[in-house]
Every structure is written in C-alpha cells, then in structure tokens.
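The values are calculated or read from the model by the stated rules, or taken from the named source; none is laboratory data. No experiment lies behind these values; they were computed from the predicted model shown. Cβ placement follows ideal geometry from the backbone for every residue including glycine, while neighbour counts extend to all protein chains displayed.
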Amino acid sequence: MEGKSVIVYYSWVGNTEAVAKEIQRITEFDIQKIEEKKNRKFGNIAGGAMSAFLGLKSKIKPMDFTLQSYKNIFLGVQIWAGKTPPAVNRYLSSVSFKDKEVWLFITKSGENVPQGFIDSITRRIEKKGGKVINNISITTKWDPATNIPISPEEVKERISAWLTSCDIMVEEKS
C-alpha cells in the first residue's frame, strides 16, 4: 500500500473505538476520532436510532488534521437503525475523498452483513471522489446497564486477518 494512512472513526459506546485502536496498534497509522459537539446520552438509544434513520447530521468538533496529506483512509462506523450515525453523516458530507482509497470497518449488533449500509457509504464516498477498497463488519454486543465495550482481545485475530488479506499488515507490535 502506497501513501500515508489514517484511521478516522466515530464511536458512541466504545466498540468502534476499540476496533480503531486495534488497527492503530497493529499498523501504527495516524488516528483521529469524529466527536459530536454535544455529548450524546447513553440512555437515549431510541433518539439516536431515530436521528440516524432520518439521515440527520449532528454538529461535530473540528478535527486537528485534514485528509489532504493522506492517501489511505480507514473509516470506522457503527450502524444505528440500519443507517449511519448523525456524526458520520456530517463527516461524510463535509470532507473530500478525492483520490483517496478507503477501507471501511463497521461495528454492528446484528449478525448479518449490512450490504445496504456498505453500499450507502460507498456511494457517498465515491460521490466525493474516493474509492472504497475493502470492508469488514464486526458484530459486537453492548449492555447499556454496564456500558462495557468490546475488548481489543475480542477483535485482535479478526482485525489482523483482515489487514493481512488486504496486504496492509505491518510488523505487529506486542
């Protein structure tokens, strides 16, 4: 893989963040988190799902980097009600993916591969000049009572195998 790489992700409860940090641990790529300006309350799952279902865009905090200096983008997204979260909707609408190669990593609660979800994000990235190269979806479980996200150990082998299959693997750090 040629060019500089960055991991950009949005994570409400920590599952997507755990996957992003595992990719970063293995690859040592730069990493940036998409953050909403207003903190989203954990108990408001229905409100979050409805805002995603309606395609709303939330305000996000400015990021301290631009995609211009990167060729490869690893974009981490979780699924809400079968759709992209409002923060990701805002991010996708506000950046240019011109001449960028994008790898998607998706966290979800269901077992099925969300092809319609992948197609939707792919169309938006392509409309902004980018190309989606590959994707992985990881099923996670989250208990709102404990708010404990997936552990890096739970995704380590899967992420390592995915990166290897994409010829992205660098020497893994312990």
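For the range 119-161, name all the residues that are of a type in the set (A, V, I, L, M, F, W, C), more than 21 Å from residue 5 (Cα to Cα) and at pLDDT 90 or above.
Step one: of the range 119-161, the residues of a type in the set (A, V, I, L, M, F, W, C) are 121, 125, 132-133, 136, 138, 142, 145, 148, 150, 155, 159, 161.
Now narrow it down to the ones that are more than 21 Å from residue 5 (Cα to Cα): 138, 142, 145, 148, 150.
Correct list: 138 only.
When the residues of the range 77-99 are filtered to those that are in contact with a Leu (Cβ under 8 Å, 6 or more places away or on another chain) and not polar (S, T, N, Q), which remaining residue is nearest to residue 25 (Cα to Cα)?
The initial filter retains those residues of the range 77-99 that are in contact with a Leu (Cβ under 8 Å, 6 or more places away or on another chain), namely 77, 84, 86, 89, 95-97.
Still in the list and also not polar (S, T, N, Q): 77, 86, 95, 97.
Details: 77: 18, 86: 27, 95: 25, 97: 24 Å.
Filtering the range 77-99 for residues that are in contact with a Leu (Cβ under 8 Å, 6 or more places away or on another chain) and not polar (S, T, N, Q), the one nearest to residue 25 (Cα to Cα) comes out as 77.
Is it the case that the range 99-108 has a residue that's crowded, with 19+ Cβ neighbours inside 10 Å and more than 15 Å from the chain's Cα centre (by Cα)? Spell out the reasoning first.
In the first step, residues of the range 99-108 are kept if they are crowded, with 19+ Cβ neighbours inside 10 Å; the result is 100-108.
If we keep only those that are more than 15 Å from the chain's Cα centre (by Cα) too, we end up with 100.
Within the range 99-108, one or more residues are crowded, with 19+ Cβ neighbours inside 10 Å and more than 15 Å from the chain's Cα centre (by Cα).
Among the residues of the range 31-59, count how many are modelled with pLDDT of 85 or more and surrounded by 12 or more Cβ atoms within 10 Å (Cβ to Cβ). If you could, list the steps in order and put the result at the bottom.
Of the range 31-59, the ones modelled with pLDDT of 85 or more are 31-37, 59.
From what's left, surrounded by 12 or more Cβ atoms within 10 Å (Cβ to Cβ): 31-36.
Number of matching residues: 6.
If you scan the range 60-92, which residues turn out to be surrounded by fewer than 21 Cβ atoms within 10 Å (Cβ to Cβ), among the hydroxyl-bearing types (Ser, Thr, Tyr) and not in a helix (DSSP H, G or I)?
66, 70
Can you tell me which condition residue 156 does not meet? The list is (1) within 24 Å of residue 72 (Cα to Cα); (2) basic (Lys, Arg); (3) free of Cβ contacts under 8 Å to residues at least 60 places away in the same chain, and all the others hold.
The one condition residue 156 does not meet is (3).
So residue 95 ticks every box in (1) loosely packed, with under 15 Cβ neighbours inside 10 Å; (2) modelled with pLDDT of 85 or more but one. Which box is left unticked?
Going through the list (1) loosely packed, with under 15 Cβ neighbours inside 10 Å; (2) modelled with pLDDT of 85 or more, residue 95 breaks only (1).
Suppose the filter is assigned to a strand (DSSP E or B) and surrounded by fewer than 18 Cβ atoms within 10 Å (Cβ to Cβ); does residue 112 pass it?
Working: assigned to a strand (DSSP E or B): no; surrounded by fewer than 18 Cβ atoms within 10 Å (Cβ to Cβ): yes.
The answer is no for residue 112.
Evaluate the following for residue 26: is it in a strand (DSSP E or B) and either among the hydrophobic types (A, V, I, L, M, F, W, C) or at pLDDT below 95 (or both)? Talk me through it step by step, then tell me what you get.
Numbers: in a strand (DSSP E or B): no; either among the hydrophobic types (A, V, I, L, M, F, W, C) or at pLDDT below 95 (or both): yes.
Judged against the criteria, residue 26 is not a match.
Restricting attention to the range 60-75, report how many residues are aliphatic (A, V, I, L, M) and modelled with pLDDT under 95.
Of the residues in the range 60-75, the ones aliphatic (A, V, I, L, M) are 60, 63, 67, 73, 75.
Right, trim to modelled with pLDDT under 95 and you get 60, 63, 67.
Total satisfying the criteria: 3.
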